[in-house]
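Reviewing the structure listed below.
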Amino acid sequence: MSPQAYRVLPGQKVYLGDWQTDDDGGLDRDDAEDTTDDLNDRLEELQELLYAEGKHKVLVVIQATDTGGKDGTIRHVFDKLNPQGVKVTSFKRPTDEELGHDYLWRVHEHTPKTGEITIFNR
């Protein structure tokens, strides 16, 4: 199955109950690794364009429970990117100071700069 089958389009609603938890996309491990390598190469190209153009920024939010695979996902998906253009910010339990402000107050200083990718790990 093509990775396109898993793309969520803008405005499209997603119902997680419609997805099988053991879905392998019709790929065996070797095929999945090859596809991941190809997609990582493409992501590397796109990162170069993002930086060179200097007009856009990318924010990726990954959220799961503890031991939910967030760190492993970040390592595998962003493996080939230039680390100078990628920043990972982890958010733990809010501090008392953070709780004294609006909900998004603590994230503003960590948002990506133009040409950069920031990953919020929560």
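The values are calculated or read from the model by the stated rules, or taken from the named source; none is laboratory data. Being a predicted model, the structure only gives us computed values, none of them experimental. Positions of Cβ are generated from backbone atoms using ideal geometry, with glycine treated the same way; all protein chains shown enter the neighbour counts.
Quick check on Tyr15: is it free of Cβ contacts under 8 Å to residues at least 12 places away in the same chain, out of contact with any Phe, Trp or Tyr (no Cβ under 9 Å at 6 or more places or on another chain) and aromatic (Phe, Trp, Tyr)? So Tyr15 fits the description; yes.
Comparison of Ala32, Ala5 shows that the only residue that is assigned to a helix (DSSP H, G or I), surrounded by 13 or more Cβ atoms within 10 Å (Cβ to Cβ) and not β-branched (Val, Ile, Thr) is Ala32. Taken over the stretch 91-122, the criterion of being touching a residue at least 12 places away in the same chain (Cβ under 8 Å) and either within 18 Å of Asp37 (Cα to Cα) or surrounded by fewer than 12 Cβ atoms within 10 Å (Cβ to Cβ) (or both) is satisfied by Lys113, Thr114.
Matching residues to (1) modelled with pLDDT under 90; (2) farther than 27 Å from Leu46 by Cβ; (3) among the acidic types (Asp, Glu); (4) not in a loop (DSSP other than H, G, I, E, B):
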| site | (1), (2), (3), (4) |
| --- | --- |
| Val61 | no, no, no, yes |
| Thr65 | yes, yes, no, no |
| Asp71 | no, no, yes, yes |
| Lys87 | no, no, no, yes |
| Pro94 | yes, yes, no, no |
| Glu97 | no, yes, yes, yes |
| Gly115 | no, no, no, no |
| Thr118 | no, no, no, yes |
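Within the stretch 99-113, track down each residue that is out of contact with any strand residue (DSSP E or B) (no Cβ under 8 Å at 6 or more places or on another chain) and assigned to a helix (DSSP H, G or I). Of everything in the stretch 99-113, those that are out of contact with any strand residue (DSSP E or B) (no Cβ under 8 Å at 6 or more places or on another chain) and assigned to a helix (DSSP H, G or I) turn out to be Leu99, Trp105, Arg106, His108, Glu109.
Contact annotation: no residue pair with Cβ atoms under 9 Å, 6 or more positions apart or on different chains, pairs a residue in the stretch 68-85 that is closer than 10 Å to Ile117 by Cα and without any contact (Cβ under 8 Å) to a residue 24 or more places away in the chain with a partner that is polar (S, T, N, Q) and surrounded by 12 or more Cβ atoms within 10 Å (Cβ to Cβ). Can you tell me which residue is farthest from Ala5 (Cα to Cα) among those in the stretch 23-71 that are among the β-branched types (Val, Ile, Thr) and under 16 Å from the mean Cα position of the chain (by Cα)? The selected residue is Thr65. Looking at the structure I just gave you, is Thr67 among the β-branched types (Val, Ile, Thr) and exposed (fewer than 12 other Cβ atoms within 10 Å of the Cβ)? Spelling it out, Thr67 is indeed among the β-branched types (Val, Ile, Thr) and exposed (fewer than 12 other Cβ atoms within 10 Å of the Cβ).
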